[in-house]
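Asker: Quick one: the structure is below, questions incoming.
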Amino acid sequence: MASLSSRDQPRSVSEGELKAANDAPHYDLIIRNGRLLNLSPAGPGEQSCDTRPALADIAIGDRRILAIGPNLSGNARRTIDAQGHLVSPPFVESHIHLDSALTAGEPRWNQSGTLFEGIEIWGDRKQSLTSADVKARALAALKLQASQGVLHVRSHVDVSEPKLVALKALLELREEVRPWMDLQLVAFPQDGLYGAPRNVELLEEALKLGTDVVGGIPHYEFTREDGVRSVHRLFELAEQYDCPLDFHCDEIDDPQSRFLEVVAACALRRGMGQRTTASHTTAFASYDNGYATKLMGLLRLAQLNFVANPLINITLQGRGDCYPKRRGITRVKELWHAGLNVSLGHDCIQDPWYGLGNGNPLDIVQMAIHCCHMTGQREIAACYAMVTHNGAQTLGISPAEYGLAVGKPANLVVLAGQTLRDLSCQRGLATAVISRGHCLAQTPLSITQWDDPPESITYPH
């Protein structure tokens with residue numbers, strides 16, 4: 001047998017090396033070579049979308065971020081190389097309907113594309129709901145979202161259905177996904193609080209069962225008086241059950257639909273502005289500027305949260321217009337400039353109202369950038385904050401429990417790209433999603449190979 005050369009001989013480890021190895025920190029997971037994207041919720045417009053953050057490592061243990069810095073020393077059970085890509089706090093889905101997700105075409109397609117045909121179709125579809133049906137579709141939708149970096153979701157659930165099948169199913173699912181997903185449920189009276197004799201009773205039953213948020217839809221009540229009465233009653237229930245509120249508010253093209261002022265006044269007088277969310281508010285886009293200016297003053301006093309749903313509202317609204325057609329999206333830029341908290345939601349994923357969608361928050365950001373004329377450098381950064389930090393504020397997540405900082409929960413996403421502009425232009429793929437310190441999902445980057453045709457080949461003109 002050939003003898004080993006001195007170079008091949010096993011090297012003894014010195015005591016100093018052993019001590020250094022034993023003293024080195026041990027982590028559950030280290031993410032190497034990431035560019036931390038951590039926009040502040042208070043001033044998202046201060047960051048340019050062309051800023052390329054410096055490289056850093058993130059060390060994780062016991063479900064928390066334990067260290068952040070360049071070239072961290074230490075060992076880990078698992079290491080993920082971010083390869084110079086962005087590392088972001090997880091996306092926040094501020095507004096979705098999981099009970100109706102993935103039902104497009106059942107029992108028929110929405111041919112008019114209108115909100116009201118969608119409500120009629122859902123009225124038929126919900127007659128055949130079962131717990132297994134709701135849970136299977138909702139879980140598939142949550143996994144689709146989570147694989148793209150969404151780890152916090154607020155879902156509205158129709159509680160106008162007498163047996164509360166969907167609500168009970170989603171309450172079960174909320175607990176089942178808790179190890180990897182933060183799911184909030186809104187008791188939403190789709191047919192109006194006073195649209196049927198038992199709807200108030202059903203909503204209160206939903207709150208007793210443990211629903212997280214009180215919902216409403218004042219513009220869909222039979223009369224304006226009923227709409228105003230519903231807002232006051234819902235605030236009473238929110239106080240009674242110590243819940244935040246989230247209204248489908250003025251989701252209509254009618255410039256005379258003005259329930260936002262009622263919600264804002266109630267929130268201001270009850271000191272509940274930061275626990276109150278006005279979703280959609282699409283009629284705000286149709287108000288004359290004189291009234292809109294007066295209303296904006298009230299909104300600044302009340303400090304409501306706002307959720308715009310650009311994909312669905314650019315699709316549903318303006319259907320009755322000839323030309324010019326309204327965009328049908330609330331005044332996102334103006335609300336942002338007023339210092340109000342604005343976040344973005346998907347609203348629907350392949351359901352009677354919107355037959356498209358795949359749960360990717362970057363699609364919402366892209367639509368907002370275009371339809372809300374938010375193409376400035378700081379405006380693009382603001383739109384990204386609307387699906388991260390601003391969304392966390394809407395959902396009432398404590399600042400101590402969200403973001404990229406030592407001591408915070410190890411929830412984050414690695415996104416292909418080095419700047420926010422990259423994410424906007426290329427829809428940066430979520431290559432790794434970390435939930436509670438666990439690598440929940442990984443998606444490899446695809447590489448396009450380009451093969452030029454041989455110069456010797458000639459092609460006919």
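Where a number appears in this text, it was derived from the coordinates with a stated rule and is not lab data. As the structure is a computational prediction, the values presented were derived from the model and not from experiment. Every residue, glycine as well, gets a Cβ built from its backbone with ideal geometry; the counts of neighbours run over all protein chains shown.
Asker: Tally Lys/Arg at +1 and Asp/Glu at -1 over every other residue whose Cβ is under 15 Å from the Cβ of residue 445; what's the total?
Answerer: In short, -1.
Asker: Would you list, by chain and number, the lysines whose Cα falls below 22 Å from the Cα of residue 168, excluding same-chain residues fewer than 8 positions away?
Answerer: Answer for residue 168, where 22 Å is the Cα cut-off: 126, 135, 143, 208, listed by chain and number.
Asker: Taking loop as defined by DSSP and a crowding limit of 16 other beta carbons within 10 Å, which trypsin sites (Lys or Arg not before Pro) in region 166-212 fit?
Answerer: Answer in residue order: 198.
Asker: Can you list the aspartates and glutamates whose alpha carbon is less than 14 Å from that of residue 294, not counting same-chain residues fewer than 8 positions off?
Answerer: 261, 334
Asker: Still on this structure, please answer the following. Helix 199-209 versus the longest principal axis of the chain: what angle, 0 to 90°, nearest 10, using Cα atoms?
Answerer: The answer is roughly 30 degrees.
Asker: Need one number: nm distance between label points at residue 163 and residue 270, each 7 Å from Cα along Cα→Cβ, rounded to one decimal.
Answerer: Placing both labels 7 Å along Cα→Cβ, they lie 3.2 nm apart.
Asker: Also, I was wondering about something else. Which of the chymotrypsin sites (Phe, Trp or Tyr not before Pro) found in region 54-150 are loop residues per DSSP with 13 or fewer other Cβ atoms within 10 Å of their Cβ?
Answerer: Those satisfying the criteria are 109.
Asker: Right, here's the next one. Can you list the chymotrypsin sites (Phe, Trp or Tyr not before Pro) in region 358-461 that are in a DSSP coil and have 12 or fewer other beta carbons within 10 angstrom?
Answerer: Listed in order of number, the matching sites are 450.
Asker: Take every Cα pair under 8 Å in the chain that's 6+ residues apart, average their separations, divide by the length, and report that relative contact order as a whole percent.
Answerer: Computed value for the chain: 20 percent relative contact order.
Asker: Subtracting the Cα-Cα distance from 0.36 nm times the residue separation, let me have the gained length for residue 196 to residue 300 in nm, one decimal.
Answerer: Extra length from residue 196 to residue 300 when fully extended: 34.0 nm.
Asker: Could you give the length gained by full extension between residue 236 and residue 133, i.e. 0.36 nm per residue of separation minus their alpha carbon distance, to one decimal place?
Answerer: Length difference between fully extended and current span is 33.7 nm.
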